[in-house]
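To keep things clear, I will list the structure first and then write my remarks on it.
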Amino acid sequence: MKLAIKRNTGVMGGLARISFMVDGKERIKLGNEEEQMMVVHKDEVELQVKQLFLRSKKVQVTHDQHVEIRVNRLCAALYILAFFTLYLAINSYGGNQQLVFTGVGSCLLLIAIVYSWTAYYRLELIDAEKKP
């Protein structure tokens, strides 16, 4: 089985290389906008990507596929919203407003971190026959 892998993570995931895992073992590392071809000698494999504590959900592949690695938009939005809310907390003038922004921003940041442990990256599978 052939796998064509492309990393398309943009700015939010472009700082470090991503480990591409096949059946729980690291096979290659990809930089941002990098493409590689891989041959696997099995009929069915389980794919996942990892970067530090961030990872994707596991995906089963049974035939030739093009795999595109993308950042989960919900995770990216949660991080941006959390940091914006914490920025507002820092720049507000005391009182209840600062306390509310700090609480909301901290909760959003915690939710984003926990969600990122299993779903920061998305693996999009495209059939090899349908790829132009």
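The values are calculated or read from the model by the stated rules, or taken from the named source; none is laboratory data. Being a predicted model, the structure only gives us computed values, none of them experimental. Ideal geometry is used to build each Cβ from the backbone, glycine not excepted, and the neighbour counts take in all protein chains shown.
Only residues that are in contact with a helix residue (DSSP H, G or I) (Cβ under 7 Å, 6 or more places away or on another chain) and closer than 19 Å to Ile28 by Cα were counted across segment 57-83, and they come to 2. When Glu33 is tested against (1) part of a strand (DSSP E or B); (2) within 15 Å of Arg7 (Cβ to Cβ), exactly one condition is not met: (1). For segment 51-74, the candidate set comprises residues that are polar (S, T, N, Q) and in a strand (DSSP E or B); within that set, the residue that is nearest to Gly10 (Cα to Cα) is Gln51.
Quick one: would you say Gln48 is without any contact (Cβ under 8 Å) to a residue 40 or more places away in the chain and not in a loop (DSSP other than H, G, I, E, B)? The answer is no for Gln48.
Restricting Gly95, Gly105 to residues that are at pLDDT below 90 and either farther than 21 Å from Arg7 by Cβ or not β-branched (Val, Ile, Thr) (or both) narrows the list to Gly95.
Conditions tested, residue by residue: (1) in contact (Cβ under 8 Å) with a residue 60 or more places away in the chain; (2) part of a strand (DSSP E or B); (3) farther than 19 Å from Lys57 by Cβ.
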site: Ala82; (1), (2), (3): no, no, yes
site: Leu86; (1), (2), (3): no, no, yes
site: Leu99; (1), (2), (3): no, no, yes
site: Gly105; (1), (2), (3): no, no, yes
site: Ile111; (1), (2), (3): no, no, no
site: Ser116; (1), (2), (3): yes, no, no
site: Arg122; (1), (2), (3): yes, yes, no
site: Ile126; (1), (2), (3): yes, yes, no
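Of all the residues in segment 63-80, those that are farther than 20 Å from Tyr120 by Cα and either of a type in the set (Asp, Glu) or free of Cβ contacts under 8 Å to residues at least 60 places away in the same chain (or both) number 1.
Note on segment 49-70: among residues that are of a type in the set (A, V, I, L, M) and buried (at least 19 other Cβ atoms within 10 Å of the Cβ), the one that is nearest to Cys107 (Cα to Cα) is Leu54.
Out of curiosity, is Ala77 among the hydrophobic types (A, V, I, L, M, F, W, C), in a helix (DSSP H, G or I) and under 17 Å from the mean Cα position of the chain (by Cα)? Yes: the conditions hold for Ala77.
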